[in-house]
Structure formats: C-alpha cells, structure tokens
1. At a 10 Å Cβ-Cβ cut-off, how would you order 86, 256, 247, fewest neighbours first?
2. Rank these for me by crowding, 127, 152, 163, going from fewest to most other beta carbons within 10 Å.
3. Pull out the extension gain between residue 54 and residue 187, defined as 0.36 nm times the separation in residues minus the alpha carbon to alpha carbon distance; nm, one decimal.
4. Distance from the Cα centre of the range 207-259 to that of the range 47-117, in angstrom?
5. Quick one: length gained pulling residue 262 to residue 9 fully straight, 0.36 nm per residue minus the C-alpha distance?
6. Shape call for the range 224-264 from the C-alpha gyration tensor, a ≥ b ≥ c root eigenvalues: rounded (a/c under 1.5), prolate (a/b greater than b/c) or oblate?
7. Measure nothing but the geometry: give the 0 to 90° angle between the long axis through the Cα atoms of 93-107 and the longest principal axis through the Cα atoms of the chain, rounded to 10°.
8. With N set to the number of residues, divide the alpha-carbon radius of gyration of the range 185-241 by 2.2 N^0.38 Å and report two decimals.
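What follows draws every value from the coordinates through simple rules; no lab data is involved. A quick note: this is a predicted structure, and the numbers were derived from the prediction, not measured. Cβ: placed from backbone, ideal geometry, glycine included. Neighbour counts: every protein chain shown.
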C-alpha cells in the first residue's frame with residue numbers, strides 16, 4: 001500500500017521513525033522504493049549532484065518537472081515530494097499555486113516542499129493546503145538562501161532558535177503535513193519535535209526528529225564533498241571509477257568481449 005501524508009502523522013504518534021531519501025532519475029528511485037524508504041524527495045539538490053551547478057539557485061521548474069516525472073514512473077510505494085525551485089513560489093501565493101499545481105498535475109507526485117516559515121511563506125503554505133496541495137515545510141538552514149545564510153548551522157543563539165521554532169509552528173498552523181529541520185542544534189530540533197503535532201524530518205539536526213533525510217549522493221559516496229552531518233554508507237565513486245577503468249583496460253587489451261561475452 002502506498003505511503004500517504006496521513007501515514008507519516010500516524011507514524012509520529014506511534015514513535016516509528018520516518019525514512020526519507022532524495023532521487024533524481026528512474027533507476028535510482030526504483031532502487032530506493034524497492035529498498036523500502038517511506039518518502040522520496042525530488043530535491044533541488046539535484047542542481048548540484050546531477051546538473052553540476054554550484055548552488056541550487058539556477059534550477060528551473062522545467063528541469064525539476066523533467067526529473068520528477070522520471071522518479072514518479074519508478075515508484076510504487078513511497079510518498080513522492082518535489083521541491084519547488086528558487087523563485088518559482090516566493091513572489092506570491094498565486095505564483096506558488098501555479099508552480100505547485102504544475103508539479104502535481106504533470107508529474108503525479110503527491111506533495112511539494114517550500115523553504116521558509118516567515119509570515120508571507122506561512123500564508124502561501126496555507127493557501128496551497130486550502131487548495132488541496134499537500135506541503136512539506138523546511139526551516140533552519142534553507143539552501144535557497146545560501147547567499148544570505150551560507151551553509152552554517154542555524155539557530156545557535158536564543159533569538160535565532162526562537163525564530164526557527166516560531167516558523168515551524170507557523171507552518172504547522174498553516175497546514176503543512178511535516179517540516180524539514182536542517183542543520184540546527186539537536187536540542188532545538190528536539191524542542192521543535194516535542195512541540196509540534198506534525199512530523200519533523202531532520203537533516204543535520206540530531207537524533208530527536210521524527211524522521212531523517214539525506215541526499216542520496218552523499219549516502220552512496222558519490223558527492224565531491226560530504227556535509228559534516230552526512231554519512232556515506234558506500235563508496236560508489238571508487239567502485240564505479242574502478243569498474244570503468246577495468247572495462248577500458250580489457251577493451252584496449254583485447255580481453256573484452258571474450259568467451260561468454262562474445263556473440264557467436
């Protein structure tokens with residue numbers, strides 16, 4: 001049975017941790033779904049890990065739709081959430097409605113993710129939810145604000161911590177079904193998780209969130225640089241490089257194709 005946003009809330013109430021990973025194409029999404037992840041985020045991190053940009057900012061809505069369609073075709077069980085790219089939802093709630101509507105209509109994904117919980121963004125989230133569009137919130141370190149915040153941990157002072165808590169609460173009040181907490185102190189994430197009735201999904205926010213998300217390229221050891229809060233569970237960069245080197249050597253040495261590899 002496919003995962004729903006209501007099920008995530010049920011799991012929070014049951015104390016059952018939620019597993020989220022990112023995907024950007026059919027092959028990877030199929031593997032994640034078969035492995036049993038609860039939700040797949042078509043994140044704007046694909047701008048960096050897939051398209052080679054230095055930040056998430058250049059990513060367009062058309063590029064996001066293209067990748068989200070591929071992910072949707074692969075997934076049978078996991079909930080699919082799609083990031084709205086920078087400047088496709090910040091101008092007005094009408095712009096956000098148009099962008100989010102395209103995502104749901106054209107990709108078949110079940111939800112969108114927006115960054116920020118300041119008053120105007122909370123209002124936008126409320127408008128989307130009223131229109132029947134499920135929204136995953138995102139506070140703390142928000143990568144689309146890289147030129148303002150950098151990639152530093154957020155919420156380390158009482159004032160900034162209180163602001164992040166109030167933004168998370170505002171997103172809950174607006175109707176978000178869950179909220180991502182990125183790169184904030186574990187104690188702050190624990191406080192937010194205890195005060196919210198909706199699930200919190202942590203990334204670099206300690207062990208007390210209701211779930212965890214990682215960029216899959218980091219998990220698989222494919223990234224150039226690993227964030228301080230991530231963990232590589234494999235070293236596919238080395239594995240793939242070695243496999244290609246072995247193939248290249250065998251072709252050049254006349255060892256491939258040979259025997260069972262050669263057509264008769």
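1. Numbers: 86 21, 256 15, 247 12.
Final ranking by Cβ density, sparse to dense: 247, 256, 86.
2. Details: 127 19, 152 8, 163 16.
The most exposed by this proxy come first: 152, 163, 127.
3. Extra length from residue 54 to residue 187 when fully extended: 44.8 nm.
4. 25 Å
5. Details: separation 253, 0.36 × 253 = 91.08 nm, distance 5.44 nm.
Between residue 262 and residue 9, full extension yields an extra 85.6 nm.
6. Working: a/c = 6.73, a/b = 3.29, b/c = 2.05.
Prolate is the answer for the range 224-264, as a/c is 1.5 or above and a/b outweighs b/c.
7. 40 degrees
8. Numbers: Rg = 14.0 Å, N = 57, 2.2 N^0.38 = 10.2 Å.
Taking the Cα Rg and dividing by 2.2 N^0.38 Å, one obtains 1.37.
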